[in-house]
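Here is the structure we will look at, set down as structure tokens.
Values in this text are rule-based calculations from the coordinates and carry no lab data. What you are looking at is a predicted structure, and each value in this text was computed from that prediction instead of being measured. Reconstructed Cβ throughout: ideal geometry from the backbone, glycine too, with neighbour counts over all protein chains shown.
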Amino acid sequence: MLNNIRCGTCSALLFKAGQGAIANDIEIKCRRCGTLNHLRPCEPLHDRQERPKRNNSCGSTSP
């Protein structure tokens with residue numbers, strides 16, 4: 001299923017994209033009003049592994 005990506009100012013159709021099609025930041029200029037639209041993926045790319053969770057958040061070793 002394709003999603004309509006529209007201009008934030010005038011709601012003109014910019015393009016259609018499938019789920020997960022945007023892999024990085026995009027700048028696209030609206031052909032109707034000239035607004036520069038900045039788009040980014042819904043979920044960030046996971047370049048590194050997450051840290052293991054600990055019981056204490058401050059790093060202190062005292063009880």
Count of residues meeting criterion [more than 17 Å from the chain's Cα centre (by Cα) and over 11 Å from residue 37 (Cβ atoms)] in the stretch 12-27: 1
Which of the residues belonging to the stretch 14-42 are within 24 Å of residue 1 (Cβ to Cβ), part of a strand (DSSP E or B) and among the charged types (D, E, K, R)? 16
